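Take a look at the structure below.
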Amino acid sequence: MNDNDTIKKSLEEYNAEVEKSISKFPERKKNFVTGSSAPINRLYTPLDTDHIDYVRDIGFPGEYPYTRGVQNTLYRGRFWTMRQYAGFSTAEESNKRYKFLLQQGTTGLSVAFDLPTQIGYDSDHALSQGEVGKVGVAIDSLADMEILFDGIPLDKVSTSMTINAPASVLLAMYIAVAEKQGIKPEQLDGTIQNDILKEYVARGTYIFPPEPSMRLITDIFAYCSKEVPNWNTISISGYHIREAGSTASQEVAFTIADGIAYVDAAVKAGLSVDDFAPRLSFFFNSHNDLFEEVAKFRAARRVWAKIMKERFAARNPKSLMLRFHTQTGGSTLTAQQPDNNIVRVAIQTLAAVLGGTQSLHTNSKDEALALPTEEAVRIALRTQQIIAHESGVAETIDPLAGSYYVESITDRIEQEALAYIARIDAMGGAVKAIEHGYIQQEIQDASYTYQMDIESGDRVVVGMNKFQVKEAPPTGLLRVDPAVGEQQSRKLATLRAGRDNSKVQAALKAVEIAAKNSDNLMPHILSAVRTYATLGEICDVMRGVFGEYQQKVIL
Amino acid sequence: MYDSASLVSGIRKGDPRSIARSITLVEREDPARLAVLKAINADIGHAHIVGITGPPGSGKSTLTDKLLKELRSRGRRVAVAAIDPSSPFTGGAILGDRIRMQRHADDDGVFIRSLATRGHLGGLSRATTETVRIFDAAGFDDIIIETVGVGQSEVDIVRLADTVVLVSVPGLGDDIQAIKAGVMEIGDVFCVNKADRDGSERVIREIRAMLEAAVMNGAATRFSALYQALDQLKAVDRTEGQSSPRASSSGLFDQGAAHHIARQPPGHDALEIPAVIPTTAETGDGVSRLVDEIKAHEAALVATGFLRLRRHENLSWELGNALADRVLRRLEGEDRKIELADLASAVLDKRKDFYEALGILEGSLAG
Amino acid sequence: MERKIRVLVAKPGLDGHDRGAKVIARALRDAGMEVIYTGLRQTPEQVVNAAIQEDVDVIAMSILSGAHNHLFPRVMDLLKEKKIDDVLVVGGGVIPDDDIPGLKAAGIAEVFTPGTPTTTTIEFIRNNLKRKV
């Protein structure tokens, strides 16, 4: 082994040679930066990782601080869950798509809801006009949910639902559908996103102000820890923060700051950390800068483990493990030469797998244009399958560990994230930082810098600002029938006429009373859902009690 | 289609497009505005002009949103002029205040206009005064002006508003110092927003202490003379054994509209200072009381005759200011620049003395 | 006499993806324009009322949810109802090429799809104002 002095000496010699050659042949650029605009050195050496203590800082898979992964055999045990986010139009149409996906070899469902559903409006609400069934499936009541999962045994699949503000209502509907299939809540496996904080900063489907929203979330934690023990009660999401334009470090920092806020809220609500923390899950983005992204996932695991251990004194190892879903970066896809997106998604898939993800959605090549077609979805899924079965990267655990570069940037991202978290702590936590508009501002600044780098040509996006071609407009895009809105409205009218409305009113009253006092809302919402009270009706009752959030925009 | 006559009749009918177009004329300093302003001159003077000022981050826009809601519930038609800074580099601006009030966009009784400072200092845009006149002529009962909010330079608002609400907020640290340094003198009504935050009690105490100190030291405040006049009115009231008709009709001395609080420190006369009202604009807490206080201030201005006095002072200032502006602009022409240069050379070469040159300049500007 | 281009940047509909709207708002400001941003979840009525009160030269709307075929024409209808014909209206977002002719026929002057540089939008606005500068 060389000692540091020997390496330093050799490095100096190398640098001197480099100076000579770049004086003749300058490098391509003055500054080399990552996908998140962080500087990249020409070369990384053992000197860059000299301060790292393997056991303390990196450790073994399945062991604290989980830098190398949360499972001790990782993909040698089983592959990540290949879970494609899907849903559009009516429950009938989406049900067909789910059956197609299961037949193609996906191993978990991921439900996309339309915007009215995500914001707690029925399809016949004035604000729903033009939006019904567009970005996901329209669910107005238990009746739609029964159709959505018709013929899909809920004890055999795990289902992820991208639902936040009204998460408790959709979870209640899921439980109620399972009941009708004769399946008990404790047999259910899946995830609700249920992450309201990132809605305020990045995604926009909020309903209620932060305080009652946090209470709805802790109510779910408490309820599920007893009744639906295998359910992932939250998916703390950096994905949308990154889509909104953040850097990789910000993605880790703000996601974990949100996570801290949820744990704080639950502890304040009287829950014991090890009762709910094992069911917390995360959701990250995967972009094109392969090494930085891998480092990001590794850093995120380490930061979370340390915080849960040191700050919250969690004892159960499962409370320390950051388990995460990944989706490839929608904002990295181009509308120009959409076939190129297949390659981008492949790189991003590789990053997610080398980063040790627990589940993965790969974007379809046409997502910058419209909802994905079946053909595009198949290619996206095949990309995962090729990486899993053919690339060989899943055969050993965390193969990039020990790379001077990857360990260095893992460290850098950890340090940058910790610095942000310290700043957010000083403001009084993530909720306060969001109220101040601090997190929004940081993301917007990064997003604007990124956009300007593209426009100046400093950052090349192939097919978009370089290597452009004239191309014919794409054909064969998926279209949602504009009549879906009317169909849903008719279904609602029939539903309201056919159900026992006195039961509905009584159940809604019970939700209102529970909302006003401090009862756990979940059982009341479940009762209301069973009477076929609609999503909009239940949310309206809560709007009446909780009020509505007003967006904080700082430009 | 948008000749001045149709704009004027549109303004009088409260037509949003006519109001908006006229404000644009004012913003562009379009000569066509003069005919409009002249024609509506007889229609103005009825609205209560309220200024909202305070440091950045004090929640002025959210507070304005809630004031709108409260005033609307009292049946009043309200116009808002929300001022944001222009970038000194590009001249562009993001006018972000409307976002917080946009829920009122469907309400015919509310009109919101965002104005960029376009290089003007002092917390308002050059167009604000005339914008307010247009709102006034359009029959709005209350006109709210939300200033830029940069702290000490927010002085223009006292020249325009009948009632200035100074918004403070806990947790801004040094801003209290800024307030001490002079902004305190511009407030008629004092409000501590975000009162649900830690430290709001302390901010309220500090502001009270500053107001008391100002009164004890005989510092210039907007309220002392008004309170003296009110006390005289009250004294008349008491001697006559009945309410003065003006005061009672305005609810001035009703218990619910306590416009100021009194304290008697040992060895001093009673100190009369304005109430400092805690609000939480996010939830609307305290906003109704703030509106009571704003309205009590208006009533006091009316009852004491201070409203006319204040507007008179403001107009005198505005006239002087406008004249100074015109003179400055005349100095901007190419011919003037040459003349200035020539005169400066003459002084430098001792062909003329300074005041001789100034006299010549003055003469030629007047001519 | 100063003439500033005033632009209303609006997010009609329920979609919460405002990255593009915020980037364009900043870029227009940096190009010397005065930008009024409405925030999320605007009805067409709110957009048009704000445009009138702010007396803007341009309405720039962004929709990523696919509701453009409903919401963009609705805004145009309201403008027509109120006899407003001198405001330049542009749209942006995830909008399939096939939809663009229909939107243009409804009166949307130009549609900017993903990947459009902000400079293209700025230039288009400068060259196509309906009110004289």
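Only the coordinates and a few stated rules stand behind these numbers; no lab work does. Since we're looking at a predicted model, the values are computed, not measured. Note that we place each Cβ from the backbone using ideal geometry, even for glycine, and neighbour counts take in every protein chain shown.
Quick notes on this one:
- Take every Cα pair under 8 Å whose residues are at least 6 apart in sequence, average their separation, divide by the length of chain B, and the relative contact order is 16 percent.
- Seen through its C-alpha gyration tensor, with square-root eigenvalues sorted a ≥ b ≥ c, segment B:1-143 comes out oblate because a/c lies at 1.5 or above while a/b is not bigger than b/c.
- With R₀ fixed at 35 Å, the C-beta to C-beta distance from A:Asp150 to A:Leu127 puts the FRET efficiency at about 0.75.
- Each of C:Arg131 and A:Glu455 was given a label point 7 Å from its Cα along the Cα-to-Cβ line. The distance between the two points is 2.4 nm.
- Filter on B:Lys13/B:Lys38; A:Lys226/A:Lys318; A:Lys29/A:Lys466; A:Lys198/A:Lys365 - keep pairs with C-alpha separation over 20 Å: A:Lys198/A:Lys365
- Listed cross-link partners B:Lys69/B:Lys194; A:Lys509/B:Lys66; A:Lys432/B:Lys60; C:Lys82/C:Lys132; A:Lys552/B:Lys295; A:Lys134/B:Lys69 are compared with a 25 Å cut-off, the Cα-Cα value being larger for A:Lys509/B:Lys66; A:Lys552/B:Lys295; A:Lys134/B:Lys69.
- Three-way shape call for segment B:78-145 based on the alpha-carbon gyration tensor, with the a/c threshold at 1.5: oblate
- Note on A:Val343/A:Asp275: beta-carbon distance plugged into 1/(1 + (r/R0)^6) with R0 of 51 Å gives a FRET efficiency of 0.70.
- Leading residue at positive end of dipole, chain A (Cβ point charges), from A:Ser10, A:Phe282, A:Trp80: A:Trp80
- The Cα atoms of segment A:55-125 give a gyration tensor whose axes a ≥ b ≥ c have a/c of 1.5 or more with a/b no greater than b/c, which makes the shape oblate.
- Spin-label model, B:Ser288/A:Glu92: points 7 Å from Cα along the beta carbon direction are separated by 5.1 nm.
- R0 of 41 Å, Cβ-Cβ distance A:Lys268-A:Lys180: FRET efficiency to nearest 0.05: 0.70
- Sorting the segments C:51-60, B:215-224 by their mean number of nearby beta carbons within 10 angstrom, highest to lowest, gives C:51-60, B:215-224.
- To the nearest ten degrees, helix A:374-389 and the longest principal axis of the Cα atoms of chain A are 50 degrees apart.
- Other protein chain C-beta atoms within 10 Å of residue C-beta, averaged over C:40-52: 5.
- Separation between Cα centres of segment A:148-175 and segment C:68-133, rounded to whole Å: 39
- Peptides A:58-70, C:4-16 ordered by average Cβ neighbours within 10 Å, highest first: C:4-16, A:58-70
- Phi angles of segment C:54-64 translate, via the Karplus equation with coefficients 6.51, -1.76, 1.60 and θ = phi - 60°, into HN-Hα couplings of 7, 6, 7, 7, 9, 10, 10, 10, 10, 9, 10 Hz per residue; Gly and Pro are given as x.
- Dipole check for segment A:136-240: with +1 at the C-beta of Lys and Arg, -1 at the C-beta of Asp and Glu, and the Cα centre as origin, the magnitude is about 220 Debye.
- Size of charge dipole - segment A:52-146 - debye, nearest 20, with Cβ of Lys, Arg +1 and Asp, Glu -1, no other charges: 720
- Local electrostatic count at A:Asn230 - Lys and Arg +1, Asp and Glu -1, tallied over other residues with Cβ under 15 Å: +1
- 10 Å Cβ neighbours from other chains, averaged over peptide B:2-13: 0
- Each Lys and Arg adds +1 at its Cβ and each Asp and Glu adds -1 at its Cβ; summed about the Cα centre, chain B shows a dipole of about 500 debye.
- Net charge contributed by nearby residues that have their C-beta within less than 10 Å of A:Ala143 (K/R +1, D/E -1): -1
- Put a dot 7 Å past the Cα of A:Ile554, heading toward its Cβ, do the same for B:Ser364, and the two dots end up 5.2 nm apart.
- Other protein chain Cβ atoms within 10 Å, averaged over every residue that makes up A:476-484: 2
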